[in-house]
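J.: Quick one: structure below, then a few questions.
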Amino acid sequence: MLRQFQSENSLVINEFQKRLTNYISESKLVFLNESPFWNLAYSFHELEQVQPQLYLDFKQNSSLVILKGDLNYRKLLGDLNWPFETPLSAAIRGFKPTSLCAIRTLKSDLIANLNTNQSENENFGLALKKVKESNQWMLSGDYGLIQFVKI
């Protein structure tokens, strides 16, 4: 991720990359990618039972867990087809070691915490207008979301 930021030609992204690099050097930001859990077929609500040390590490040492990507989002929701309006805090089924931020591009038809009322959610209405013919708004990769759960 940092390498990608370094290749961008943007003052804002370059400044963000510098801040992230400083957080890493000060141990305020840690990337956890050594656990086998990331490649196993478990959902995040099972993390505490499957990898208790990793769950405990999140709980004791993190104020925010950031999950990126469609696969991590699907693992967060247990690959279950929730009604769109289901609160994310309910769909994660107890995975609450700390606050959570999920970032993803929509490439599958799983989603939670989406207000589909077009009169209340103008952005959703605009997205539907753009893809009305194809009805592939959840699969095209043209749309994304950032969701947050505070613990």
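J.: Go through (1) touching a helix residue (DSSP H, G or I) at 6+ places or on another chain (Cβ under 7 Å); (2) of a type in the set (Phe, Trp, Tyr); (3) outside the structural domain of Tyr143 (by TED's automatic domain parsing) one by one and return the number of the condition Tyr23 breaks.
T.: Only one criterion in (1) touching a helix residue (DSSP H, G or I) at 6+ places or on another chain (Cβ under 7 Å); (2) of a type in the set (Phe, Trp, Tyr); (3) outside the structural domain of Tyr143 (by TED's automatic domain parsing) is unmet by Tyr23, namely (1).
J.: Moving on to the next point. Of (1) in contact with a strand residue (DSSP E or B) (Cβ under 8 Å, 6 or more places away or on another chain); (2) buried (at least 20 other Cβ atoms within 10 Å of the Cβ); (3) not basic (Lys, Arg), Ala91 satisfies all except one. Which?
T.: Only one criterion in (1) in contact with a strand residue (DSSP E or B) (Cβ under 8 Å, 6 or more places away or on another chain); (2) buried (at least 20 other Cβ atoms within 10 Å of the Cβ); (3) not basic (Lys, Arg) is unmet by Ala91, namely (1).
J.: Could I ask something else about it? Condition test on Leu64, is it touching a strand residue (DSSP E or B) at 6+ places or on another chain (Cβ under 7 Å) and either in the same structural domain as Ile103 (by TED's automatic domain parsing) or surrounded by fewer than 16 Cβ atoms within 10 Å (Cβ to Cβ) (or both)? Please lay out each step first, then the result.
T.: Values: touching a strand residue (DSSP E or B) at 6+ places or on another chain (Cβ under 7 Å): yes; either in the same structural domain as Ile103 (by TED's automatic domain parsing) or surrounded by fewer than 16 Cβ atoms within 10 Å (Cβ to Cβ) (or both): yes.
Yes: the conditions hold for Leu64.
J.: Here's another thing I want to ask about it. Within segment 96-118, is there a residue that is surrounded by 13 or more Cβ atoms within 10 Å (Cβ to Cβ), in a helix (DSSP H, G or I), over 16 Å from the mean Cα position of the chain (by Cα) and not aliphatic (A, V, I, L, M)?
T.: Checked against the condition, which is being surrounded by 13 or more Cβ atoms within 10 Å (Cβ to Cβ), in a helix (DSSP H, G or I), over 16 Å from the mean Cα position of the chain (by Cα) and not aliphatic (A, V, I, L, M), segment 96-118 yields no hits at all.
J.: Select from segment 78-95 the residues that are assigned to a loop (DSSP other than H, G, I, E, B) and touching a residue at least 40 places away in the same chain (Cβ under 8 Å) and list them in ascending order.
T.: Scanning segment 78-95 gives Ile92, Arg93, Gly94, Phe95.
J.: Determine the pairs where a residue that is surrounded by 11 or more Cβ atoms within 10 Å (Cβ to Cβ), located within segment 122-151, has a partner that is assigned to a helix (DSSP H, G or I) and at pLDDT below 75 with Cβ atoms under 6 Å apart, the partner being 6 or more residues away or on another chain.
T.: Matching pairs, first to second residue: Trp137/Ala127; Tyr143/Ala127.
J.: Got a sec? Which of Asp70, Asp57 is acidic (Asp, Glu), under 13 Å from the mean Cα position of the chain (by Cα), closer than 24 Å to Phe31 by Cβ and surrounded by 15 or more Cβ atoms within 10 Å (Cβ to Cβ)?
T.: So the residue among Asp70, Asp57 that is acidic (Asp, Glu), under 13 Å from the mean Cα position of the chain (by Cα), closer than 24 Å to Phe31 by Cβ and surrounded by 15 or more Cβ atoms within 10 Å (Cβ to Cβ) is Asp70.
J.: Please give the helices (runs of 4 or more DSSP H) falling wholly within segment 1-77 in which 3 or more residues are in contact (Cβ under 8 Å) with a residue 12 or more places away in the chain.
T.: 11-25, 47-50, 52-61, 70-76
J.: Something else: So for segment 98-109 (the condition being in contact with a His (Cβ under 9 Å, 6 or more places away or on another chain) and modelled with pLDDT of 90 or more), does at least one residue qualify?
T.: No - not one qualifying residue is present in segment 98-109.
J.: Sticking with this one: Read through the list (1) surrounded by 12 or more Cβ atoms within 10 Å (Cβ to Cβ); (2) on the phi > 0 side of the Ramachandran plot, then give the number of the only condition that Ser27 fails.
T.: The single condition Ser27 does not satisfy is (1).
The values are calculated or read from the model by the stated rules, or taken from the named source; none is laboratory data. What you see is a predicted model, and the numbers here were worked out from it, not measured in a lab. Every residue, glycine as well, gets a Cβ built from its backbone with ideal geometry; the counts of neighbours run over all protein chains shown.
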